[in-house]
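Working notes, beginning with the structure itself.
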Amino acid sequence: MGRETKETEENRKTRHKMVVVGPHVSIITLNVNGLNSPIKRHRVAGWIKEQDPTICCLQETHLSPKDKHRLRVKGWRTILQANNEQKKAGVAILISDKVDFKAKQIKKDKEGQYIMIKGTLHQEDITLMNIYAPNTGAPKFVKQLLIELKEDINNNTIIVGDLNTPLTPMDRTSRQKINKEIIELNEKLDQMDLIDIYRTLHP
């Protein structure tokens, strides 16, 4: 009973923290599994317009650095990408023209597995990280990335993406096991005071 009360109290605090950030910021994320087909790009652009988010994060764009102009959505002129020469992986962050966003720093890798933006949104500091973890060794990859970028991660950091990792038994299929690497990743998330917002709001 005491534990349940504690968890409920923690949930309430987390919800309160999230309200303070402001209900005016909406973030959507989607693994698009390739955007080289014009039809698919058109459908994704339509979906973004329909959802009308402040920020849209895409994974597995499969665009090469020279193809990055292909990702265009009217109303989301600010598009930041990390692309792979081999048209694999690839992540993108699109920011709505309706908001006052200023990028101060961008970090990304050449493999197109992650992009991190530090900046201000409506004059408030924000760090946004979009990750596409590889299918094999995903928990290890995410943990290593968090260690490398730990100086950039603070209480204004939002991490989204396709982590290819079930963090809790509820998130996995019956075939997936919570292994040692996932346990270590969860320990690292706790250590860094990172909260799984979805699981907190939908326990």
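What is the gain in length, in nm to one decimal, between ALA103 and THR173 on full extension, counting 0.36 nm per residue of separation less the C-alpha to C-alpha distance?
21.4 nm
Angle between the Cα long axis of helix 2-21 and the longest principal axis of the chain, 0 to 90 degrees, nearest 10?
The two axes meet at around 30 degrees.
Starting from the Cα gyration tensor of segment 24-147, take the square roots of the eigenvalues, sort them a ≥ b ≥ c, and report rounded, prolate or oblate (rounded when a/c is under 1.5, otherwise prolate if a/b is larger than b/c, else oblate).
On the way: a/c = 1.74, a/b = 1.10, b/c = 1.58.
In terms of gyration-tensor shape, oblate.
Would you kindly calculate the mean projected area, averaged across all directions, of the convex hull enclosing the Cα atoms of segment 22-72, in square nanometres? Let's see the in-between values first.
Numbers: hull surface 14.9 nm².
Taking the Cα atoms of segment 22-72, their convex hull projects to 3.7 nm² on average.
Positive end of the dipole of segment 18-173, charges at C-beta (+1 Lys, Arg; -1 Asp, Glu), about the Cα centre: which of CYS56, ALA133, TRP76 has its Cα farthest in that direction?
Checking the options against the dipole of segment 18-173, the answer is TRP76.
Compute the angle between helix 138-148 and the longest alpha-carbon principal axis of the chain, please, reported from 0 to 90 degrees and rounded to the nearest 10.
Value to nearest ten degrees: 90.
Which of these, ILE93, ILE115, ILE27, has the largest mean-square fluctuation under a Gaussian network model of the chain (Cα springs below 10 Å)?
ILE27
To the nearest 0.05, what FRET efficiency results for ASN156 and GLU111 with a Förster distance of 22 Å applied to their C-beta separation? Each step should come with its number before you reach the end.
Numbers: r = 26 Å, r/R0 = 1.19.
That gives a FRET efficiency of 0.25.
Net charge near ARG172, counting Lys/Arg +1 and Asp/Glu -1 over other residues with Cβ under 14 Å of its Cβ?
After counting each charged neighbour, the total is 0.
At what distance in nm do the modelled label points of LEU194 and THR78 sit from each other, each positioned 7 Å from its Cα along Cα→Cβ?
It works out to 2.2 nm between the two label points.
For HIS202 and ILE27 in the same chain, what is the full-extension length gain: residue separation times 0.36 nm, less their Cα-Cα distance, in nm?
The HIS202-ILE27 span can extend by a further 61.3 nm.
What share of the DSSP beta bridges in segment 81-203 is antiparallel, in percent to the nearest 5?
Around 75 percent of the beta bridges assigned by DSSP in segment 81-203 are antiparallel ones.
Over segment 99-203, what number does the Rg to Rh ratio reach, with both radii from the alpha-carbon atoms and Rh per Kirkwood?
0.98
How would SER26, SER64 rank on accessible area, largest to smallest, probe 1.4 Å?
Correct descending sequence by accessible area is SER26, SER64.
Angle between the Cα long axis of helix 180-191 and the longest principal axis of the chain, 0 to 90 degrees, nearest 10?
Long axis of 180-191 versus the principal axis of the chain: about 80 degrees.
Could you work out the relative contact order of the chain? I mean the mean sequence separation of Cα pairs under 8 Å and 6+ apart, divided by the number of residues, in percent.
This gives 15 percent for the chain.
The values are calculated or read from the model by the stated rules, or taken from the named source; none is laboratory data. Computed from a predicted model, the values in this text were never measured in an experiment. We place every Cβ from the backbone using ideal geometry, glycine too, and count neighbours over all the protein chains shown. Only protein heavy atoms, including side chains, enter the accessible area calculation; ligands, DNA and RNA are left aside. Shrake-Rupley method; radii C 1.70, N 1.55, O 1.52, S 1.80 Å.
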